[in-house]
Amino acid sequence: MTATTSSSKPKRSLAAKRENRIGWAFMAPFTILFAFVFILPIGWAVYSSFFRQIAEGGGAYGGGKLVNKFVGLQNFQYAITSADFWTGVGHVLVYTVIQVPVMIIAALALAMVVDSFVVKHVTGFRLGYFLPYAIPGVVASIIWVYLYNGQISPIVKGLAAIGINVDFFADNVVLLSMANITTWTFTGYNMLIFLAALQAIPHDLYEAARIDGANGWQIAMKIKLPNVRGAALLAMLLSIVGTIQLFNEPQIMATADPGISKSYTPMMMALNTSQGTLTPSGDGPASAIAIVMALIAGVLAMLYTLAERKVNE
């Protein structure tokens, strides 16, 4: 009996090793691709953030050859002490306060409408709401810039015909114009998050509530809303992190509005810094800006975790 047991262990061990090798073989393509498109770029950004392009050998009249020189934390000091950077952060924060609540409320309302028994052909509504998200962000921004252009926009001309003159590129309106583009694009995406949470609610709760005399509004307020809090926190986190990366809308709108500067948002500032249109230029300062924004996103993620923990308590 002891011999049989000892002989079966190597067989099981060999089988387990074979299964592990097969599992790693299946994971290898993803692991390699993940490393190349995610891990390596992050590592390179962190590495390059400690260097800056400096001209050397130009003599008294300037010029010379640009070389990457180790500057320690100077790039981070530049990002943190830059007035343009914090002005861009201010734009992003104002944009977040305006756009995120409107989008989340609209997404939740659409999800509850689609989840209700009143709506027929749910698949068509779900696809219609989600379709704007399938359009690339750059393409969506180009479309809306056309719709905002006062010379050719049918919306502006239609409003002017009834005596309403609006300039979507005005200083006090341009953030709202950007927020409208993002809301139009991502409301359907967040609606699917809420809809999945609503459809996960046991229908026995609805039946019990109806037996107790609850109407549709009471069911929505007392059963549906409390059960989508987790989805709401997730949607809020994704939306807030997305606003930190605000880039497509202001970058495209800047082609029609010269008032949008090259440092209007931190991500625009990082791009133009890397391209040499802002000083100091190069990959080092641009990487430092991106890393600082990533740290801000990390802080928001921590706040989300704490909020979720309190809600679950």
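Comparing 299, 100, 145, which has the greatest mean-square fluctuation in the GNM of the chain with Cα pairs linked when under 10 Å apart? Greatest mean-square fluctuation among the candidates belongs to 299.
In the full protein context, the chain carries 60 Å² of accessible surface per residue, based on a 1.4 Å probe and ignoring ligands, DNA and RNA.
Remark: C-alpha extents of region 189-294 on the principal axes read 68, 29, 15 Å, sorted largest to smallest. Our summary gives the chain a relative contact order of 24 percent, counting only alpha carbon pairs under 8 angstrom and 6 or more residues apart. Ordering 306, 253, 237 by Cα displacement along the dipole of region 188-313 toward the positive end leaves 306 in first place; charges were set at the Cβ atoms of Lys, Arg (+1) and Asp, Glu (-1). Can you compute log10 of I(q)/I(0) for region 14-104 with the Debye formula, treating each Cα as one identical point scatterer, at q = 0.13, 0.15, 0.18, 0.26 Å⁻¹? For region 14-104 at q = 0.13, 0.15, 0.18, 0.26 Å⁻¹, log10 I(q)/I(0) is -0.82, -0.89, -0.98, -1.13. A Stokes-Einstein calculation at 37 °C with viscosity 0.692 mPa s, built on the Kirkwood radius of region 106-172 over Cα pairs, returns a diffusion coefficient of 224 µm²/s. Highest GNM mean-square fluctuation among 56, 207, 19, for the chain modelled with Cα contacts below 10 Å: 19. Rounded to the nearest 20 debye, the dipole size of the chain about its Cα centre is 1280 debye, using +1 on the Cβ of Lys and Arg and -1 on the Cβ of Asp and Glu. Taking the chain as the region of interest, the number of lysine pairs whose Cα atoms are within less than 22 Å, with members eight or more places apart or on different chains, is 4. Here the peptides 198-204, 177-183, 135-141, 272-278 are ranked by packing, the mean other Cβ count within 10 Å, and the order with the highest first is 177-183, 272-278, 135-141, 198-204. Normalised size of the chain, defined as Cα radius of gyration per 2.2 N^0.38 Å with N residues, equals 1.36. Helical runs (DSSP H, four residues minimum) scored at -39500 (n - 2.57) apiece and divided by the length of the chain put the mean residue ellipticity at 222 nm at -22500 deg cm²/dmol. Taking only Cα atoms and a 10 Å spring cutoff, compute GNM fluctuations for the chain and point out the largest among 13, 287, 153. Largest GNM mean-square fluctuation: 13. Remark: region 179-313 carries a charge dipole of roughly 160 debye about the Cα centre, counting +1 on each Lys and Arg Cβ and -1 on each Asp and Glu Cβ.
Split the accessible area of the chain by element, probe 1.4 Å, and carbon with sulfur accounts for 67%. Look at the dipole of the chain built from charges on Cβ: of 182, 100, 223, the Cα furthest out on the positive end belongs to 223.
A Cβ-based charge dipole, computed about the Cα centre of region 128-236 with Lys and Arg at +1 and Asp and Glu at -1, lands at about 80 debye.
The values are calculated or read from the model by the stated rules, or taken from the named source; none is laboratory data. Computed from a prediction, not measured in an experiment: that's the story for all the values here. As a convention, Cβ positions derive from the backbone with ideal geometry for all residues, glycine included, and neighbour counts pool all protein chains shown. SASA here: full protein model, heavy atoms, side chains in, ligands and nucleic acids out. Shrake-Rupley method; radii C 1.70, N 1.55, O 1.52, S 1.80 Å.
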